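Participant: Handing you this structure, nothing more for now.
Just so it is clear, none of the values below were taken in a lab; they were calculated from the coordinates. Owing to the predicted nature of the structure, the values given are computational and were not obtained by experimental measurement. No Cβ is skipped: glycine too gets one built from the backbone with ideal geometry, and neighbour counts run over all protein chains shown.
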Amino acid sequence: MFSRIFESVLKVAVIGGGPAGMMAAEFLSGQGYSVDLYDAKPAVLRKLLVAGKGGLNLSRDEDFDKFLFRYGNRIKELEPFLRAFGPTELRTWVQNLGFETFVGSSGKIFPSNMQAVSIRLAWIQRLKQQGVRFHLNQRWLGWDQEKNLVFQSKFENVITHPNAAILALGGASWPSTGSDGTWATSLQQIGVEVAPFKPANCGFDVKWSYYFRDRFQGTPLKSVAIHFQPTSGEPLHQRGEFVITHYGVEGSLIYTFSAAIRDEILENGQAIIYLDLAPDWTIEQLETRLSRPRGSRSISSHIEKSIGIHGVKANLLWEYLPRSVFNDPTHLAAAIKALAVPLVAPRPIEEAISTAGGVRFEGLDDHLMLKKIPGVFCAGEMLDWEAPTGGYLLTACFSTGLAAAHGVINWSRKKDS
């Protein structure tokens, strides 16, 4: 089927050894292409190992329309790739690699052994068996005047001229793993539009009092809900948990809102989230309980005995409410259901789990090929999209990596016809 393709496209360079690059290399080598995979670090899939420390969350088992919604303003661009290779296909791929998967209580999909290292080793072995050549410690520098790819290695620059190339260079978060965003300059110099990088799935600064910060940093805040109303956009509401840190807040519930919160701060200087510290209670139930006589008990003891709020939740109330509110059951109940907490700044991009920004889809064709450079495709987190944690990030990286590989085949067919 590919006999004519092989006459014109024999060699493909995949630059970047994350999930997107590895998926592209696997598919193309499986179709008989000669594939060289380059990575700036001494090992591939470094970010996957970091992400999988607490259990490798591969994807999400939920209604597909709900799944797509998580990709925000890039649903239209990502939908065809995710429909072709989404959560179901990813689970099948993992099974074919030799690992069963299971769905957790929250719908998150994990490999049965929960370990990223086992999947990483099996995946590398598969690619080597298919003939993929790994070139490690080789940082891509761009193109020379003859349009060769140039790589910086330990001793001298390496130059190669493949028939096609797939760039899967990551975003700008966790630079220690190789995702430092320095590739953007090389693309901008030849006229490729790259949206500025912004932190995504990140923590936020809060101006805690010294007392609260020192006493509660590292404390999880469980069984809470957040309501957030952006200046422009629909209101957001979600239940979950997050962590108090020395600088502010972080964790899964915060990451769910991070894009909207970040953009609100950039536009208005701060973002106010409203915490529901008792999501299982109605405001009327709280008010009734708090209105009971407290006798000789202290206010804090009365709140704990009446509605079970103590520790970090109680101290959050003291952090933001004037003392007079604690003597007013109506206002105190309202504050417990909607405690205003101002977030003043996103954490630095180096600390973020992922990034927004990257190569704009407007500069790509439907197969992820750069319009300005025929034969060069982009995939993974270096594209301008973002999604929350919970398997959405990894799924889109796998999906776009595979789509770019299909793009190479599609392009080569047209080129050879």
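Participant: Quick one: net charge of I373's neighbours, Cβ under 12 Å, K/R +1, D/E -1? Write down the numbers at each step before the final one.
Facilitator: Working: positive: K147, K371, K372; negative: D365.
Once all neighbours under 12 Å are counted, the net charge is +2.
Participant: Net charge near I109: determine it from the other residues with C-beta under 13 Å of the C-beta of I109, scoring Lys and Arg +1 and Asp and Glu -1. Working shown, then result.
Facilitator: Values: positive: R60, R91, K108; negative: D61, E62, E89, E100.
Combined, the nearby Lys, Arg, Asp and Glu give -1.
Participant: Give the relative contact order (percent, whole number) for the range 204-346; include only Cα pairs under 8 Å separated by 6+ residues. Kindly include the intermediate steps, with their values, before the conclusion.
Facilitator: Numbers: 227 pairs, mean separation 45.7, N = 143.
Dividing the mean separation by the residue count of the range 204-346 yields 32 percent.
Participant: Can you tell which of L402, V94, C378 lies farthest toward the positive end of the dipole of the chain, using +1 and -1 charges on the Cβ of basic and acidic side chains (Lys, Arg; Asp, Glu)?
Facilitator: Final value for the positive-end residue is V94.
Participant: While we're on this one: Compute the distance in nm between two label points, each set 7 Å from the Cα along the Cα-to-Cβ direction, one at T282 and one at N157.
Facilitator: 7.2
Participant: How many angstrom lie between the C-alpha centres of the range 363-417 and the range 90-162?
Facilitator: Taking the Cα centre of the range 90-162 as reference, the centre of the range 363-417 is 15 Å away.
Participant: Give me Rg over Rh for the range 204-346, both radii from the alpha carbons and Rh done the Kirkwood way, two decimal places.
Facilitator: Values: Rg = 15.3 Å, Rh = 15.7 Å.
Rounded to two decimals, Rg/Rh equals 0.97.
Participant: Loop only by DSSP, 13 or fewer other Cβ within 10 Å of the Cβ. Give me the trypsin sites (Lys or Arg not before Pro) in the range 320-417 that pass, ordered by residue number.
Facilitator: K371, K372
Participant: So how far, in whole Å, is the C-alpha centre of the range 30-87 from the one of the range 289-326?
Facilitator: Each part's Cα centre sits 46 Å from the other's.
Participant: P(r) for the chain: what percent of alpha-carbon pairs falls in each 20 Å bin, starting at zero?
Facilitator: Histogram of Cα-Cα distances, whole percents per bin: 25, 48, 21, 6, 0.
Participant: Report the FRET efficiency, 1/(1 + (r/R0)^6), for L10 and Q189, where r is their Cβ-Cβ distance and R0 is 22 Å, rounded to 0.05. Kindly include the intermediate steps, with their values, before the conclusion.
Facilitator: Details: r = 28 Å, r/R0 = 1.28.
That gives a FRET efficiency of 0.20.
Participant: Using only the alpha carbon atoms of the range 199-248, find the Kirkwood hydrodynamic radius as the inverse mean reciprocal pair distance, in angstroms to one decimal. Intermediate results must be reported in sequence, preceding the final value.
Facilitator: On the way: mean 1/r = 0.0801 Å⁻¹.
The Cα-based Kirkwood calculation yields 12.5 Å.
Participant: Write down the Kirkwood hydrodynamic radius of the range 283-417, to one decimal in angstroms, obtained as one divided by the mean of 1/r over all alpha carbon pairs.
Facilitator: Numbers: mean 1/r = 0.0504 Å⁻¹.
Mean inverse Cα-Cα distance, inverted, gives 19.8 Å.
Participant: Hey, another quick one. With θ set to phi - 60°, apply the Karplus curve 6.51 cos²θ - 1.76 cosθ + 1.60 along the range 279-296 and write out the HN-Hα couplings as whole Hz, x wherever there is a Gly or Pro.
Facilitator: x, 8, 10, 8, 5, 5, 5, 4, 4, 4, 5, 6, 7, 5, x, 9, x, 8
Participant: Report the net charge of residues surrounding D276, where surrounding means a beta-carbon distance below 15 angstrom and charges are Lys +1, Arg +1, Asp -1, Glu -1. Mind dumping the intermediate values first?
Facilitator: Details: positive: K222, R239, K313, K337; negative: E241, D280, E284, E287.
Surrounding charge for D276 is 0.
Participant: If we sort 146-157, 270-281, 203-214 on the protection proxy, mean other Cβ atoms within 10 Å, highest first, what's the order? Don't skip to the end; give the middle numbers.
Facilitator: Values: 146-157: 12.7, 270-281: 18.6, 203-214: 16.3.
Highest-to-lowest ranking by the protection proxy: 270-281, 203-214, 146-157.
Participant: Still on this structure, I have one more. So for the pair F102, R83, with labels modelled 7 Å out along Cα→Cβ, what separation do we get in nm?
Facilitator: 3.4
Participant: So if we plug the beta-carbon distance of N113 and E241 into 1/(1 + (r/R0)^6) with R0 = 22 Å, what FRET efficiency do we get, rounded to 0.05?
Facilitator: Numbers: r = 25 Å, r/R0 = 1.15.
Computed FRET efficiency for N113 and E241: 0.30.
Participant: Just how many % of Cα pairs in the range 62-116 lie over 16 Å apart, if you round to the nearest whole percent?
Facilitator: On the way: 723 of 1485 pairs.
Value for the range 62-116: 49 percent of Cα pairs lie more than 16 Å apart.
Participant: What's the magnitude of the charge dipole for the chain around its Cα centre, counting Lys and Arg as +1 and Asp and Glu as -1 at the beta-carbon? Answer in Debye, nearest 20.
Facilitator: So the dipole magnitude of the chain works out to roughly 800 debye.
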